[in-house]
Amino acid sequence: MRVLIVGGGIGGLVAAIALGQRNIEVEVFEQQAEPREVGAGIAIFANGARVLSSLGIDAALEPSRHYSPGFRLRRGKSGRIIGELKLGDFHEERFGARAYDLHRGDLRQSLLEAASTAHGVKVHLGQRVVNVVQEQDQVALETDRGLRATGEAAIGADGIHSVVRREIAGPDAPHFSGEVVWRALVRRDRLSGIASTPFNTVWTGGDRHFLQYPVRGGDLLNIGGFVRSDRWRSESWMESGDRAVFAGLFSAFHPAVREIIDSVDECFVQAIHERAPLGAWFKGRVVLLGDACHAMPPHMGQGAGMAIEDGVVLARAIVDGRQNLEEAFRIYEQKRQDRVQRLLEAVRWNARMFRAGNPLRRAGLDLGFWLMSKLRPTGPQETFAWVYEYDALRA
């Protein structure tokens, strides 16, 4: 059996490795000739860490990981700590795997190397899929460089602008969330005091908030400035931004935030889009995973986690149900849809909390967070235990 995967991002590569481990022949088609990720960190919690460990890439990831002691919520202007929540050892003891932060490029590179050396897996770089054709007993892919490949199934893991999605849902467009993020990486040795804290930190400020956490073994600080806006619609990760504009958007924030932005060499700006999960995740021999069918804002640190889960659950469904792919895809869809929808609702709630502009509502949220951090500092992790304790390897 041969499975064709469109997209060499995190979810597609996880699916490729998981299928290869089960002796399924796989071909991956990635449009970038030299995959590159800029200014982007990701959080990996227990639900994603278990899967990555099963793929055999822990040793490759270890030098790049940063283990945060916890999460802090600060007021944007004064810098006052509203509350602090434990992460560290508690997360591992409670959910069975340690949480950590990574540069997205480091994770993707480790997955790419593992996929490229996996038995039965072939990765094609610089091949953009432009057409998907379903035939009676197979599916064919055609690339912009004239390559044609056939297999018994095709997986669309090609992100929010998925070509494969059109085969299932027809032409549609992602929905602009009304929010723009300014991203950058900063060397931590340039920073002082709380600007270089090892804690994952969110600075709140009405219609905007600022996120920071270390990546690449703690050498770099990943930052994101989130602002409500209707003026910027570009979704590209590679769209360069003007640091002066970035600084101006957060000029009223604490000096530590301004110090971080002033230390930026290069920044990127992106309009955040989302896609409501599709009613159908497959059609015939073609199925979707990750952002191709459920792109969501990054306010729970679970975008990569959902793609990772999708990849391994789909791989198991294909292996166990290869004699009836339609039924296998239906089981995968049923296993994943409710979870993704529930998570999307939690993401939206988090976004409202970070951006609460009404003074009374802001005061109420701050008080609740402060009380929780004092009385039950592991409370939010317990609240979202359903996210972290989920085991995609057994789903």
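Odds and ends about this structure:
- Evaluated at q = 0.08, 0.11, 0.13, 0.18 Å⁻¹: base-10 log I(q)/I(0), Debye formula over Cα of the range 77-228: -0.42, -0.74, -0.92, -1.18
- Percentage, to the nearest whole number, of Cα pairs in the range 1-152 over 25 Å apart: 43
- Greater than 26 Å apart at Cα, pairs in Lys77/Lys374; Lys86/Lys335; Lys335/Lys374: Lys86/Lys335; Lys335/Lys374
- Averaging the sequence gap over all C-alpha pairs within less than 8 Å and six or more residues apart, then dividing by the number of residues, gives the range 176-274 a relative contact order of 41 percent.
- The alpha-carbon positions of the range 70-151 define a convex hull whose volume is 233 Å³ per residue.
- Between Phe176 and Asp58, residue separation times 0.36 nm minus the direct Cα-Cα distance comes to 38.9 nm.
- Axis of helix 104-117 versus longest Cα principal axis of the chain: the two differ by about 20°, to the nearest ten degrees.
- Taking 7 Å steps out from each Cα toward its Cβ at Asp265 and Leu125 produces label points 2.1 nm apart.
- Estimated [θ] at 222 nm from DSSP helical runs (n ≥ 4, -39500 (n - 2.57)) normalised by residues in the chain, nearest 500: -11000 deg cm²/dmol
- The mean sequence separation of alpha-carbon pairs under 8 Å and at least six residues apart, normalised by the residue count of the chain, gives a relative contact order of 23 percent.
- Among the GluC sites (Glu not before Pro) within the range 29-135, those in coil by DSSP and having at most 14 neighbouring Cβ atoms inside 10 Å are Glu135.
- Eigenvalues of the alpha-carbon gyration tensor of the range 242-310, scaled by 5 and square-rooted, set the equivalent ellipsoid semi-axes at 37, 12, 11 angstrom, largest first.
- Rounded FRET efficiency, nearest 0.05, which uses the C-beta distance separating Arg22 from Met372 and R0 of 41 Å: 0.45
- Remark on the range 176-274: ratio of C-alpha radius of gyration to 2.2 N^0.38 Å is 1.02.
- With a Förster radius of 22 Å applied to the beta-carbon distance between Arg94 and Ala395, the computed FRET efficiency rounds to 0.70.
- Intensity falloff of the range 102-148 expressed as log10 I(q)/I(0), Debye formula with alpha-carbon point scatterers, at q = 0.13, 0.21, 0.23, 0.24 Å⁻¹: -0.46, -0.86, -0.90, -0.92
- Virtual paramagnetic centre 7 Å along Cα→Cβ of Ala280, amide N under 16 Å, in the range 142-181: 154, 156, 164-172
No value in this document is a laboratory result; all are computed from the given coordinates. On a predicted model such as this, the values are computed, not experimentally measured, just so you know. Because the Cβ atoms are built from the backbone with ideal geometry, glycine has one as well, and the counts that use them run over all protein chains shown.
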